[in-house]
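Visitor: Would you mind keeping the following structure in view while I ask a few things?
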Amino acid sequence: MNNNLYFLFCVFLFNTLLSIQICNAGNADTLDKKENSLTLSFSQDPAFGFYPSVNGYNQINDTWAFTYYGVFWTQDLLGGNQGGLNLPVELGIGIDYSLFDGIVSINPVIGVGHGNYQSGGGRPVIFDDIVPAIFVILSSRKSTYEFGSVNWLSLRKESNTEPLRNQFENYLITNHQLTKLFSYGLYIDLFSTSDKYPSGKIESEISALWIGPSFSFTSNSSANLWFSLGADLVDYAKKINNPKIKDFYKLVLKFEI
């Protein structure tokens, strides 16, 4: 399949899946509450590498819940290529607010990272970056839409030569349940960066623009395996000459502990 046909196929798939999701979202029943949970996830993709994470949810009442998370970043580049030393960790808390009997949930989160990547320094430091984020989920019995916006913003300046690194991710995940154990959907992810050098120069770019179908398998024990693959349209987003469609893939395993 040539690049143009690949692009048209992804656009057609996006429109088809999104139409199905919208139709199903309109048939929402009253949803069950999560109560309290702790979920462990293992993720792998070409941009972020391998990163385990944990997400907690403690219900306060029918409307409010306390949330928290932690991420163990393992990509050696983030620690300065020290063979696994100086790797960053990230910890955050938030509040989840439910609307319309749980059909809509809004979860603003604030996190703090510790390491040496965002600050540009050679040594790991506490409060390397601050991570404001928001997650919005629209749910029905058969469908979910999840939108997330995450910003990694440098907090400390630890180098006179290396830039302060800021990163931004916005994504959309749709999910339609075909059976109790299998569902499918669409994944769109936009990742961009903005580096500020000591001279005052700022370099910003779009690093990835992913779009493709996703598939999810759930076991009777509530473990879930989610996979997405498709096209990276970053060259089209940058509007460069002779843009090329690249590939992407992402695998996530999660289960409650």
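The values are calculated or read from the model by the stated rules, or taken from the named source; none is laboratory data. Only a predicted model underlies this, so the values are computations on that prediction, with no experimental measurement involved. Ideal geometry is used to build each Cβ from the backbone, glycine not excepted, and the neighbour counts take in all protein chains shown.
Visitor: Need the failing condition index for residue 66 against (1) more than 26 Å from residue 46 (Cα to Cα); (2) surrounded by 15 or more Cβ atoms within 10 Å (Cβ to Cβ); (3) aromatic (Phe, Trp, Tyr), just the number.
Guide: All conditions pass for residue 66, except number (2).
To keep it simple, each residue is scored yes or no on (1) of a type in the set (Asp, Glu); (2) surrounded by fewer than 13 Cβ atoms within 10 Å (Cβ to Cβ); (3) touching a residue at least 60 places away in the same chain (Cβ under 8 Å).
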residue	(1), (2), (3)
185	no, no, yes
196	no, no, no
199	no, yes, no
210	no, no, no
215	no, no, no
220	no, yes, no
225	no, no, no
237	no, no, no
245	no, no, yes
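Visitor: Spot the failing condition for residue 231; the list is (1) over 20 Å from residue 49 (Cβ atoms); (2) touching a Ser or Thr at 6+ places or on another chain (Cβ under 8 Å); (3) in contact (Cβ under 8 Å) with a residue 60 or more places away in the chain, and only one is missed.
Guide: The number of the failed condition is (2).
Visitor: Another question, if that's okay. Looking at this structure, is residue 37 at pLDDT below 95, out of contact with any Lys or Arg (no Cβ under 6 Å at 6 or more places or on another chain) and within 24 Å of residue 106 (Cα to Cα)?
Guide: In short, yes.
Visitor: Look at residue 98 and say whether it is more than 25 Å from residue 183 (Cβ to Cβ) and either in a loop (DSSP other than H, G, I, E, B) or touching an Asp or Glu at 6+ places or on another chain (Cβ under 8 Å) (or both). It would help to see each step written out before you state the result.
Guide: Values: more than 25 Å from residue 183 (Cβ to Cβ): no; either in a loop (DSSP other than H, G, I, E, B) or touching an Asp or Glu at 6+ places or on another chain (Cβ under 8 Å) (or both): yes.
No; evaluated as a whole, the condition is false for this residue.
Visitor: Moving on. Give the number of residues within the stretch 126-166 that are out of contact with any Leu (no Cβ under 9 Å at 6 or more places or on another chain), of a type in the set (Val, Ile, Thr) and either without any contact (Cβ under 8 Å) to a residue 24 or more places away in the chain or not in a loop (DSSP other than H, G, I, E, B) (or both).
Guide: The number of residues fulfilling the criteria is 5.
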